[in-house]
Each structure stands twice: as structure tokens, then as C-alpha cells.
Amino acid sequence: MTLDDIMRAAPVIPVMMIDEIDQAVPLARALVKGGLRVLEITLRTPIALDAIRAIIADVDDAIVGAGTVLTPQQLEHVAALRCKFAVSPGFTTSLLDAATTSPCPLLPGTSTASEVMQLLDRGHDRMKFFPAEAAGGTAMLKSLASPLPAAKFCPTGGIGPDNAAGYLALPNVLCVGGSWVVPKDAIAQGDWDKITMLATDAFELTKTR
Ligand code: 3PG
């Protein structure tokens, strides 16, 4: 599965922070039940790698990726777990070098025209646009589309139910990422029905390509 396939598999990629290992599988199942199959589990909690392992083992329909992958070592770890993709908020030379030989495709982050050019130069035409709202939002993405049409984005950061559709309507946006479908309180309470409801609403966001 290519990054392009993954980015087109669902309109929204949940950005997941999992604190307790027991939450991992039910949370992933609730999201997949709502239609959000592409999951980004961030490496921001101590049990993140265990959560990724558990979801890959137990949630058949999930397309599992790792987020907040900052170093070559982390890319190596998540590739060893057979993550389908890895996401970074930005990029470094060493991370891009590691990605050239990794079986796990990297979705690097960018927020400027120069960074987009550097990524295109290194063979990456699928990127995260981060932090989307703070870095200029839809106006910035519209401005990048004309001079840099090869770059396609997954904007993430500050996106929610009120502004997601505006991003998804842009020709250079394939999907958006966000944590709004995985609210901390619902996870803490084990309110998986609420998560499925949020995922269903997100799945139904219209996508105009
Ligand atoms: C992140 O990596 O933290 C994502 O950008 C999530 O941002 P959000 O919480 O604003 O959706």
C-alpha cells in the first residue's frame, strides 16, 4: 500500500495519544467501526509501541501507522512492528536518509514552500502540512497549489468538525489529520460509542477532488 493509497483510504486520520494499553484495541475498533481505518498512534506516551503492536495484532481492518516519528531509530522501531506508515511533524536529513531504505513509508511534515521543495527534491510528494491552522490554513495550501502542484498534503493541527471540509475541498489535500475524533475524556471513560459516533461523522465529511 502506497502513501497515496493510505491518504485516500479515509478522509480523516485520527491522531491518537494512548495512555493505557487496555484502551488501545477498543479505541481502534471504535474508530474502524465508524469508517476511519487509517490510524496514527503517536509515540508520545510510554506504551505507544505496545499499543501499536496490540492494534496490529487484534484489529484486522485497521491501517496502522506511527506518529511523532522524529528519529531514524524510531522509524526503525515502527518499521519492525510492521507499521504501514510513519508520520513526522517535520523532517531532518537523517530521517529522510533513513526513509530511503525503510520498508515503512514516511509522511514528513512541512509548513513552507522551501520545505515542500526540499521534500520534492528528496522524492517525497506526499506530506503532512503542520501545524495546519497556525501555518496559514487553507489560504496557505491554496497558495502552494499553483507553484507546487506535485505536492499533496495531509493537513494536521487545529482541524476539527467546523473546518475539516474546507481543507478536504482543496485539490492538493487528500485527507486531514486530527485529534478531535479521539477526545481524552471519552477515552478515559471508555465511551467507545461516542468515539464511533465522532468517527462516523468524520467519515461522512464530503471530499471533493
Ligand atoms: C498533532 O500531531 O498533535 C496533531 O497535529 C494533532 O493536532 P490537533 O490536536 O490540533 O488535531
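Each reported figure results from applying straightforward, stated rules to the coordinates on display, with no laboratory input. Since this is a predicted model, take the numbers as computed values, not measurements. Note that each Cβ is placed from the backbone with ideal geometry, even for glycine, and that neighbours are counted across all protein chains shown.
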- Reachable aspartates and glutamates, given that their alpha-carbon falls under 17 Å from the alpha-carbon of LYS128 and they are not under 8 places away in the same chain: ASP4, ASP5, GLU40, GLU115
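So if R0 is 35 Å, what FRET efficiency would SER114 and LEU81 give, r being the distance between their Cβ atoms, rounded to the nearest 0.05?
Result of the calculation: an efficiency of 0.60.
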- What is the distance, in nm, between label points placed 7 Å from the Cα along the Cα-to-Cβ direction at THR71 and at ASP125? 3.4
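Within 10 Å, at most 13 other Cβ atoms, and a DSSP state outside H, G, I, E, B define an exposed site. Report the longest part of the chain free of exposed GluC sites (Glu not before Pro). Mind showing how you got there, number by number?
Details: sites that count: GLU20, GLU204.
The reported range is 21-203.
For MET1 and ASP61 in the same chain, what is the full-extension length gain: residue separation times 0.36 nm, less their Cα-Cα distance, in nm?
Values: separation 60, 0.36 × 60 = 21.60 nm, distance 1.36 nm.
Separation in residues times 0.36 nm, less the Cα-Cα distance, equals 20.2 nm.
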- Message: Considering only C-alpha atoms, what is the centroid distance from the range 137-209 to the range 74-98, in Å?
- Response: 22
- Local charge sum around GLY160 (other residues, Cβ-Cβ under 13 Å, Lys/Arg +1, Asp/Glu -1)? -3
- Roughly how many nanometres apart are two label points built 7 Å out from the Cα toward the Cβ at ALA165 and GLN189? 2.7
- Query: For the pair ARG8 and ASP97, how long in nm is the line joining their label points, each one 7 Å along Cα→Cβ?
  - Reply: 3.4
- Message: Per 0.36 nm of contour for each residue apart, how much would the distance between ASP22 and ASP50 grow if the chain were fully extended, relative to their Cα-Cα spacing?
- Response: 9.1 nm
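Under the rule of -39500 (n - 2.57) per DSSP H run of 4 or more residues, summed and divided by the residues of the chain, what mean residue ellipticity at 222 nm is obtained, to the nearest 500 deg cm²/dmol?
On the way: 10 runs with 89 residues, N = 209.
Mean residue ellipticity at 222 nm (helix-derived): -12000 deg cm²/dmol.
Students often get this wrong, so check it: of LYS33/LYS84; LYS33/LYS142; LYS33/LYS184; LYS142/LYS184, which have C-alpha atoms separated by over 29 Å? Present the calculation step by step, with values, prior to reporting the outcome.
Numbers: LYS33/LYS84 19 Å; LYS33/LYS142 33 Å; LYS33/LYS184 19 Å; LYS142/LYS184 32 Å.
Where the Cα-Cα span goes over 29 Å, the pairs concerned are LYS33/LYS142; LYS142/LYS184.
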